[in-house]
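A quick write-up on the structure given underneath.
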Amino acid sequence: MKTSIDYRPSYSLVTATLDPSERIQVEAGSMVAMSAGVSVETSAKGGVLGSLKRSVLGGESFFMNTYQAPAQGGQIMLAPALPGDMTVREFAGHNMIVQSGSYVASSEGLSIDTKWGGAKTFFASEGFFMLKVQGTGTLVLSSYGAIHEMTLEAGQTFTVDTGHLVSFSEGMGFNVRRVGGIKSTLFSGEGLVVDLTGPGYLMLQTRSEDAFLSWLLPRVSKDQGGGGGGFNIKLGG
């Protein structure tokens, strides 16, 4: 599989060029376009129970789409729901912990594990969960906003708002905690943070879905007049 990324960092699009009969697993709703002859199979990956676990615990779709190139090869274009960047990572036996909402696609040599023991500590808000990616192959991730990459030296600690965390190397030390006391957690505009300790590599996203929703929802009021059932958005202060 060969990949290219266009329109970075705001509205990124990944084009994956598949070898003859090569297959790629894609999160539902992420396919933008594909070449003639590419087939798709939709299934409950890992069986019904496995898909329920991935959907309920991992924040991913219940169904997974597997695209297969024809005998002459093919192309598929991928993009996430939110505006932002995308990145492609090649795995060769190392493991990575990934925010569930950032997963877009992967080659069949990679497994996506929702049973990772530390995942339950990352519940920052509804739908937030971490996945463990392991194996050999290609992984496609997305971010809300641009991607900021960091490398921590042994013993170096960095604190990250969980809503801005995309991924980090397995084996890094981590501790999820509130910002200050209950008052700070509720009223500071911050939620949970994670203290990550190197050595290791991490990726952050420059925008947070939770922060955007906190800004947007108070400005959205349902239209009460005319029976139209629409919504008004107040953009003023």
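Ordering 179, 14 from the fewest to the most neighbouring beta carbons within 10 Å gives 179, 14. Taking amide H atoms as placed 1.01 Å from N in the peptide plane, the amide H of residue 84 lies under 5 Å from those of 11, 12, 145, each 5 or more residues away in sequence or on another chain. Neighbour counts of C-beta atoms inside 10 Å place 161, 85, 19 in the sequence 19, 161, 85, starting with the fewest.
Placing pseudo-labels 7 Å out from each Cα toward the beta carbon at residue 11 and residue 176 gives an inter-label distance of 3.4 nm.
Laboratory data are not the source of any read-out in this text; all were calculated from the coordinates shown. Note that the structure is predicted; figures quoted are calculated from it, not measured. All Cβ positions, even for glycine, are placed from backbone atoms using ideal geometry, and neighbour counts span all protein chains on display.
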